[in-house]
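Below is one structure, written out as structure tokens; comments come after it.
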Amino acid sequence: MQKASELVPSGMLSVIGRPQDQYNYACLQAKEHCKSLGMENPVCSVANYLFPDGRVIAGHQQALDFLQENSRRLKFMRTKTLPVSGAFHTELMASATEPLREVLRQVESEGKSSLHHELKLKRRIQRENSQRERSGSTRSSCSSRGSQSDDLTIHETEKTEKEKDKQDLEIENIIKVSEGYKNLFL
């Protein structure tokens, strides 16, 4: 996406308006202005809806400049250039689609199954080790008639194991989400 954002000067603009403002019409005016400057296929569109009267508009830099310079006439209460490297969420990022598809294909063929397998194996080894530790702690606690330090060690081991299981589940969820994104691009 960085390479796509470097192809043409572009950006994003946060705009706060009033309920009667027509953001799409303002974008159309900005595109017409860019066409009058000789630009072919100018891009200017609402990229995000922030709240009822707030939007992020993204596109060619000349279009965003037009919106800022004409903000009073367009009845915008406030405009602010966002510190981003490009016009994300617009067709100006289209050149990033194919490289992203390729990366997702590689992740699917190489990483997904092996990472998932590694997580299952890691979890199984952790459980086996903790069961061994528990049975060893139980034996020693029986021989020492239930010392408090052995009980504390068992509790700490269970707590650590729960934290590891939680981390593994988070990683699995990330994998699932990335599979969903992959389906958008493949």
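Overview of results
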quantity: Cross-chain or 6+ apart pairs with Cβ under 8 Å, segment 79-106 first and open to solvent by less than 80 Å² (accessible area, probe 1.4 Å), then aromatic (Phe, Trp, Tyr); calculated: 97/185; 100/185; 101/185; 104/181; 104/185
quantity: Single unsatisfied condition, residue 119 versus (1) open to solvent by less than 70 Å² (accessible area, probe 1.4 Å); (2) of a type in the set (A, V, I, L, M, F, W, C); (3) modelled with pLDDT of 75 or more; calculated: (3)
quantity: Total residues in segment 19-39, condition among the aromatic types (Phe, Trp, Tyr) and either free of Cβ contacts under 8 Å to residues at least 12 places away in the same chain or not in a helix (DSSP H, G or I) (or both); calculated: 1
quantity: Within segment 29-76, tally of residues that are over 18 Å from residue 92 (Cα atoms), surrounded by 15 or more Cβ atoms within 10 Å (Cβ to Cβ) and of a type in the set (Lys, Arg); calculated: 1
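The values are calculated or read from the model by the stated rules, or taken from the named source; none is laboratory data. Keep in mind the model is a prediction, meaning the values are calculated, not measured. Cβ: placed from backbone, ideal geometry, glycine included. Neighbour counts: every protein chain shown. Heavy atoms of the whole protein, side chains included, go into the accessibility calculation; ligands, DNA and RNA do not. Shrake-Rupley method; radii C 1.70, N 1.55, O 1.52, S 1.80 Å.
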